[in-house]
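Heads up, the thing below is written out as structure tokens.
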Amino acid sequence: VPGVMYARTGDERLYRVSEHVLTEMPLDASLLGDLHVVRIKPDDVMGLDVSLPNETYRLTRDVATWNLDGRPLEEGAADRIRDLLRLVADLKGESIAAETLSGVPESAFRHPAARVQLRGADGRVLAVLTIGEGSGEKRYAYSESSGPVFLIAHDVLGRIPSKTALESPR
């Protein structure tokens, strides 16, 4: 039918829409793609190596508990680790800053603000999230496995728990 188009939503429903929708809607082609910085399933993660400017720590999961640098953590720490995994899995770029690292200032990742390596059950690296320096109200971030460099909210860094926060009961 002339003048009619079809659009699919994230829940797989198909809608018939007028082609005028395209002229009325501002489109940025970069926003049509998947803006997830890291593509992981939290349940697949059995270990994390976290590097922050002032500390580095390793989290490992066995059947029932999480361990921090080889020591079992209190039960409340599991909630904070789940929050961290959800943060990483759900982290979306607000926009694409560049298609490759060479497209952003060299200083953006010279001294990363955070690096989170996620490992599977076999110790294999599933993904690595690197958060760089800020640019105004945003920070640069990329995954070694997925390609583009994104701009993310500046406050994401503050949501990565410190080693002390994981060790202390809530």
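The values are calculated or read from the model by the stated rules, or taken from the named source; none is laboratory data. Bear in mind the structure is a predicted one, so any value in this text is a computation, not a measurement. Backbone-built Cβ (ideal geometry, glycine too); neighbour counts: all protein chains shown. Please note that ligands, DNA and RNA were not included when accessible areas were found on the heavy atoms of the full protein model with its side chains. Shrake-Rupley method; radii C 1.70, N 1.55, O 1.52, S 1.80 Å.
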Residues in the range 19-72 that are among the small types (Gly, Ala, Ser) and either surrounded by 15 or more Cβ atoms within 10 Å (Cβ to Cβ) or modelled with pLDDT of 95 or more (or both) total 2
All-but-one check, residue 67 against (1) closer than 22 Å to residue 54 by Cα; (2) under 19 Å from the mean Cα position of the chain (by Cα); (3) part of a strand (DSSP E or B), failing number (2)
Conditions (1) open to solvent by less than 80 Å² (accessible area, probe 1.4 Å); (2) modelled with pLDDT of 90 or more; (3) assigned to a strand (DSSP E or B) -> residue 115 fails only (1)
In the range 114-170, anything of a type in the set (Asp, Glu) and in contact with a Leu (Cβ under 7 Å, 6 or more places away or on another chain) is listed as 167
Residue in the range 87-105 that is among the β-branched types (Val, Ile, Thr), closer than 22 Å to residue 162 by Cβ and assigned to a strand (DSSP E or B) present
no
Q: Kindly indicate whether residue 99 is within 18 Å of the chain's Cα centre (by Cα), closer than 18 Å to residue 42 by Cα and open to solvent by 70 Å² or more (accessible area, probe 1.4 Å).
A: no
Restricting attention to the range 38-64, the residues that are among the acidic types (Asp, Glu), out of contact with any strand residue (DSSP E or B) (no Cβ under 6 Å at 6 or more places or on another chain) and assigned to a strand (DSSP E or B) number exactly 1
With criteria (1) touching a strand residue (DSSP E or B) at 6+ places or on another chain (Cβ under 9 Å); (2) in contact (Cβ under 8 Å) with a residue 12 or more places away in the chain; (3) surrounded by fewer than 17 Cβ atoms within 10 Å (Cβ to Cβ), residue 91 comes up short on (3)
Residue count, the range 124-145, condition under 28 Å from residue 62 (Cβ atoms) and open to solvent by 40 Å² or more (accessible area, probe 1.4 Å), comes to 5
